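Notes for the one structure printed next.
Read-outs: derived from the displayed coordinates by stated rules, not from any lab. Note that this is a predicted model, so its numbers are computed, not measured. Note that each Cβ is placed from the backbone with ideal geometry, even for glycine, and that neighbours are counted across all protein chains shown.
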Amino acid sequence: MAEPRILVVGGGLAGLACTMRLAELGVHVDLVSLVPVKRSHSVCAQGGINSVNALTRQQGDTEWKHFDDTVYGGDFLQHQPPVKEMADWGPRIVDLMDRLGVPFNRTTEGFRDQRRFGGTLYKRTSFAGATTGQQLLYALDEQVRRREVEGLVTKWEFWDFLTPVLDERGRCRGAVCQDLVTMQFRAFQADAVVLASGGNGLIYGRSTMSMVCTGSAVSRAYQAGAWYGNGEFIQVHPTAIPGADKLRLMSESARGEGGRVWVPRKPQDPRDPREIPEAERCYFLEERYPKYGNLVPRDIATREIFDICTNEGLSVEKDRLCVYLDLTHIPRETLDRKLGGILEIYEKFQGVDPRSMPMKIFPAVHYSMGGLWVDYTRSGDGGMLEGSPRNQQTSIPGLYAIGECDYQYHGANRLGANSLLSCIFSGLFVAPSLKAAREEGSRGGEPTKLFDAAVRRQEERHRELLSRTAGTENPYDLHQQLGGLMTRVATVVRRNEQLADAYGEVCQMEERWRRCAVSDTGNWTNQNVVFTKALGDMFPVAKVILKGALLRDECRGAHFKPQFSMPGIEAVEPAAKRAEAERWCDRFEENTRKWLKSTIAACGPGGEPDISYQDVDTSLIPPRPRLYGLVGAEVIEEVWKERQAARSAAEGLTGGVGVAVAAP
Amino acid sequence: MIRAIDGDALRTGDGRSRQAAPLVRVRILRQDVAGGESYWERFEVPHEPNMNVISLLQKIAAAARTQDGRRVAPVAWDCSCLEEVCGSCTMLINGRTRMACSALVDKLLEENGGEVELRPMSKFPVVRDLVVDRRRLFRSLERVQAWVPVDDSYDHGPGPRISPEQQQDAYPLSECISCGCCLEACPQFTKIEPVLRDGESDADFEARRRQAFDAAFLGAHAISQAMLFNSHPTGGMIADERMESLTGRGGIQICGNAQNCVAVCPKRIPLTRSIARAGRAATVWAIKKLFDR
């Protein structure tokens with residue numbers, strides 16, 4: 001056998017963690033990235049990284065509770081063994097990053113400090129100022145640089161992954177990539193290829209994601225036959241600063257400190273907001289949720305802001321949807337003391353002082369919970385079996401996916417500060433699996449004609465694009481139209497008729513893409529053709545998102561269809577309340593039976609997604625309803641607990657934890 | 001001009017029923033290939049509120065026409081995060097080295113008489129237009145071994161205890177985004193642009209480039225990283241090796257104390273403090289070496 005070689009695509013947290021561990025195992029890594037790896041999108045993460053720690057443990061916290069919070073937060077849509085394994089690894093991962101020199105904030109005594117994040121009662125989140133993602137990424141970047149000097153890693157920065165190369169049995173044997181400077185193509189032979197290429201926010205035009213988050217690598221794997229899982233689950237953050245180029249996060253703490261959200265009652269009132277009298281302002285969150293006011297849960301805030309702009313037409317601006325987030329009633333001194341850092345970000349990029357002028361904010365696409373479907377082997381203790389070549393493997397043998405581009409860890413909704421953990425965890429955990437994969441699918445000299453043919457196909461595609469000078473479509477304008485459409489119909493509030501229409505529109509846009517003209521026909525740093533290519537690969541994934549959303553007739557996590565929402569209890573009289581709660585629970589159980597399934601999209605002939613559904617392994621923690629903020633939650637919970645108790649009593653006789661569902 | 005921009009005609013963005021937006025004039029120093037001739041081209045972009053240089057460039061790419069309507073290839077530039085944390089989009093904007101994402105057009109127009117001027121960084125070889133090759137910057141990080149030399153990535157419990165003061169000292173240094181602003185502004189950091197010789201293999205060319213990098217000035221960013229890792233309890237275990245690099249060829253002695261680096265750093269990293277510390281450490285280390293002989 002030749003010297004082992006693994007190709008890693010993407011140098012964010014997942015790709016770097018994987019590369020570091022592989023190099024340590026003595027495996028040579030080719031690391032391909034669109035940008036120098038130190039510039040990957042992971043740098044944008046601010047909040048922190050979750051794990052059980054010495055302090056929370058003494059307050060009753062356990063890895064099991066972290067696992068429970070994660071699956072409950074994800075509305076039970078993720079297979080439980082990998083999530084359990086991740087929670088178990090949490091403390092070790094944070095310790096490791098600490099050893100690598102991450103400047104975590106400290107307590108007076110010199111221990112790591114932790115803060116509390118959404119979806120948990122414990123202070124599990126370690127953080128390094130407001131730049132935790134950047135600090136974690138740098139620590140891994142430094143270790144990989146060290147291995148590069150030792151000759152164990154070869155970096156291919158400013159290279160684009162174009163396609164996996166499959167042999168006649170359908171096993172992945174390598175990939176074709178393109179040098180973004182010289183535009184040369186190159187085949188990389190590899191024992192396994194690992195995609196760690198991140199999210200796909202650019203399908204939505206502007207998002208909180210970086211310009212490299214086109215999702216093109218994942219789309220190319222999907223078009224080559226890899227399944228896509230849970231595509232319709234996209235996390236939208238309620239408050240971001242709309243910019244002409246991107247949407248930048250505005251922390252929830254602005255509302256926590258008394259910020260009020262409003263729009264003028266008169267659509268697009270052109271007056272200076274400070275001149276608009278109270279009576280002509282609509283404080284819609286306070287009006288609709290008198291109890292919670294501006295601090296309603298994130299998903300509700302997101303939905304209401306979106307709704308008032310799109311369906312009621314009350315956006316502050318006409319062409320750019322936004323509402324006011326107003327802090328001007330709070331004394332300057334208080335704002336500087338409590339919110340200084342985040343207000344500076346607004347000032348820096350908007351050139352406006354939010355202490356004297358209401359901020360303009362709008363929800364923004366933030367994270368892809370869905371991604372490439374990946375496999376796992378369940379271990380005896382209900383976790384993931386270390387070293388199994390099935391772990392993180394896509395439906396194409398020899399092709400793996402880790403980090404944000406897999407669908408494995410966050411189900412229908414991701415908890416804050418869990419993404420940094422899932423990225424590092426999947427990167428470290430997959431390394432021994434890759435080593436095993438090599439032994440399983442030993443290469444023994446692949447015919448070079450396989451790679452030659454693959455390179456030739458990419459060269460032809462490239463040449464065809466360069467020849468389209470007479471086209472009538474502008475790729476940048478088309479991208480804006482795609483982003484606008486996806487943002488309108490497939491983010492916060494989803495309606496079947498809109499989704500169906502949008503699907504047709506995306507198909508038309510894809511046709512129009514074939515008539516795109518490139519304005520640069522050169523073969524040197526041609527960003528124009530690279531972008532056009534990436535745009536072409538956005539349509540297949542956009543269709544996966546739209547079709548998955550269209551077919552899923554329920555509300556789960558980030559996927560909200562008003563037509564299928566389950567309102568709270570209306571009755572007041574105790575017996576009627578009780579009866580209504582029984583019916584509510586019946587409906588919940590029926591919905592669980594029908595829809596607690598992963599959406600699996602396979603790229604069919606002609607590029608249309610074939611959708612099927614797979615059962616989710618919920619054998620460790622039985623699904624239960626999320627009742628936060630619902631009217632009558634207490635009575636529903638009472639009924640639910642009684643049903644659970646009855647079920648456990650029946651099952652408890654045999655001593656099992658429930659019926660184990662086989663992993664797919 | 002700026003007052004007109006702030007008018008309500010633009011606030012609604014409804015261009016059809018109102019006057020067309022004023023145009024932003026942009027002058028860009030272009031270059032088609034590495035080592036090629038450079039030339040100026042002018043563009044005009046409709047103004048939008050809160051525009052930054054990135055959105056100017058996005059619109060120029062989409063239109064791909066000069067001011068006089070001539071069709072040209074889109075201007076090439078580097079960017080990624082657009083929130084000043086990835087370090088990609090450094091360029092000379094109105095003559096000053098800074099990040100394109102946080103350079104707001106209205107402010108630029110005010111400081112430069114109604115025009116925005118973009119040039120590539122001058123201390124790195126131009127790849128194309130505003131894209132430069134900053135490999136040397138990362139090579140400097142290798143030269144000073146900017147990492148914590150851990151045994152392995154397996155579980156050995158937590159890292160060393162660190163006081164809050166130590167953390168607050170290290171954190172700003174760790175925010176360096178490798179943008180290269182400090183190098184662009186440094187009078188001692190000069191451009192290295194080796195040219196492929198006839199018959200030279202890629203490997204030989206690469207080795208020659210590496211040699212040239214290693215003989216030249218490290219730069220403020222790398223000196224500061226060396227100080228960051230020397231101050232870490234585990235990182236400091238190879239402090240002597242870092243001092244060897246810092247005092248060798250292209251080391252700290254090249255610094256002329258112009259202090260431009262700290263003035264242009266977009267992350268406000270106390271670079272001159274790091275350099276001063278490195279200078280003191282170099283003196284101590286030289287004396288120690290003398291006695292150890």
Once phi is turned into ³J(HN,Hα) by the Karplus curve 6.51 cos²θ - 1.76 cosθ + 1.60 with θ = phi - 60°, what whole-Hz value does each residue of segment A:24-36 show in order, with x for glycine and proline?
5, 7, x, 9, 6, 10, 9, 10, 9, 8, 5, 10, x
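Please get the size of the charge dipole for segment B:134-292, origin at its Cα centre, with Cβ charges of +1 on Lys and Arg and -1 on Asp and Glu, quoted in debye to the nearest 20.
Magnitude of the dipole: close to 620 debye.
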Can you give me the three principal axis dimensions of segment B:134-292 from its C-alpha atoms, in Å, biggest first?
56, 39, 38
How large is the Rg to Rh ratio of segment A:472-551 when both quantities use alpha carbon positions and Rh follows Kirkwood?
1.04
For segment A:124-130, 3J(HN,Hα) per residue [Karplus equation, 6.51 cos²θ - 1.76 cosθ + 1.60, θ = phi - 60°, Hz, x = Gly/Pro]:
9, 9, 7, 8, 10, x, 10
List the chymotrypsin sites (Phe, Trp or Tyr not before Pro) in segment A:286-351 that DSSP assigns to loop (not H, G, I, E or B) and whose Cβ has at most 15 other Cβ atoms within 10 Å. Which are they?
A:Tyr292
How much of the DSSP beta bridge set in segment B:2-128 is antiparallel, as a percent to the nearest 5?
80
Highest mean first, how do A:94-105, A:600-611 rank when packing is the count of other Cβ atoms within 10 Å averaged over residues?
A:94-105, A:600-611
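Rounded to whole Å and ordered largest first, report the semi-axes of the equivalent ellipsoid of segment A:237-366 derived from its Cα gyration tensor (root of 5λ).
Ellipsoid semi-axes (Å, largest first): 20, 16, 16.
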Estimated inter-spin distance, A:Thr521 and B:Glu37, nm [label 7 Å along Cα→Cβ]
2.2
Prolate/oblate/rounded label for chain B (Cα gyration tensor, a/c 1.5)
prolate
Summarise the partner chain shielding of B:223-229 as one whole number: the mean count of Cβ atoms from other chains within 10 Å of each residue's Cβ.
1
In segment B:134-292, taking the dipole from +1 charges on Lys and Arg beta carbons and -1 charges on Asp and Glu beta carbons about the Cα centre, the listed residue (B:Ser178, B:Gln259, B:Pro194) farthest towards the positive end is B:Gln259
Estimated FRET transfer efficiency (B:Phe291, B:Thr190; beta-carbon r; R0 30 Å; 0.05)
0.25
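When the convex hull of the Cα atoms of segment B:2-128 is projected onto a plane and the area is averaged over all directions, what value comes out in nm²? Could you put the intermediate results ahead of the total?
On the way: hull surface 33.1 nm².
Reported value for the Cα convex hull: 8.3 nm².
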Where does chain A land at 222 nm, in deg cm²/dmol rounded to the nearest 500, when only DSSP H runs of n ≥ 4 count, each adding -39500 (n - 2.57), divided by all residues?
-12500 deg cm²/dmol
Neighbouring partner chain Cβ atoms per residue of A:43-55, average, 10 Å criterion
1
Can you compute the helix-only [θ] at 222 nm over chain B? Use -39500 (n - 2.57) per DSSP H run of at least 4 residues, normalise by all residues, nearest 500 deg cm²/dmol.
-11000 deg cm²/dmol
Which value, in debye to the nearest 20, gives the size of the charge dipole of chain B about its Cα centre, when Lys and Arg are +1 and Asp and Glu are -1 at the Cβ?
640
Rg/Rg_globular for the protein assembly as shown, with Rg_globular taken as 2.2 N^0.38 Å and Rg from C-alpha atoms:
0.93
Below 16 Å, Cα to Cα, which lysines can A:Lys318 reach? Residues fewer than 8 away in the same chain don't count.
A:Lys266, A:Lys360
Other protein chain Cβ atoms within 10 Å, averaged over every residue that makes up A:633-642
0
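Would you kindly calculate the translational diffusion coefficient of segment A:509-661, applying Stokes-Einstein with the Kirkwood radius from alpha carbon pairs, for 10 °C and a viscosity of 1.306 mPa s, and quote it in µm² s⁻¹ without decimals?
The diffusion coefficient I find is 80 µm²/s.
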Considering amide H positions built from the backbone, and no H for Pro or chain starts, which residues 5 or more places from A:Cys516, or on another chain, come under 5 Å of its amide H?
A:Glu473
Take the alpha-carbon centre of segment A:369-429, take the same for segment A:73-121, and report the distance between them in whole Å.
17
At most 10 other Cβ within 10 Å, DSSP loop - trypsin sites (Lys or Arg not before Pro), segment B:21-122:
B:Arg70
Mind listing the long-range amide H neighbours of A:Ser207? Cut-off is under 5 Å, sequence gap 5 or more, other chains count too, H placed in the peptide plane at 1.01 Å from N.
A:Leu247
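Using a ≥ b ≥ c from the Cα gyration tensor of segment B:71-211 (square roots of the eigenvalues), is it rounded, prolate or oblate, where a/c under 1.5 gives rounded and otherwise the larger of a/b and b/c decides, a/b for prolate?
Note, shape of segment B:71-211 comes out oblate.
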Can you give me the long-range amide H partners of A:Trp227? Hydrogens built in the peptide plane at 1.01 Å from N, cutoff under 5 Å, separation of 5 or more residues or another chain.
A:Trp373, A:Ser395, A:Ile396
I'd like the Karplus ³J(HN,Hα) series for segment A:479-493: coefficients 6.51, -1.76, 1.60, θ = phi - 60°, whole numbers in Hz, and an x wherever there's a Gly or Pro.
4, 4, 5, 4, x, x, 5, 4, 5, 5, 10, 10, 10, 7, 10
Label points 7 Å out from Cα along the Cβ direction at A:Leu627 and A:Arg332: separation in nm?
4.9
Antiparallel bridge percentage (DSSP; both residues within chain A; nearest 5)
70
Full-extension gain between A:Glu287 and A:Asp501, please, as 0.36 nm times their residue separation minus the C-alpha to C-alpha distance.
73.8 nm
Return the inverse of the average 1/r over all pairs of distinct C-alpha atoms in segment A:571-652, which is the Kirkwood hydrodynamic radius, in Å to one decimal.
15.3
Going by a ≥ b ≥ c, the root eigenvalues of the Cα gyration tensor, does segment A:82-126 fall in the rounded group (a/c under 1.5), the prolate group (a/b larger than b/c) or the oblate group?
oblate
Using only Cα atoms, locate the centre of segment B:167-225 and the centre of segment A:505-549, then give the distance between them in Å, rounded to an integer.
36
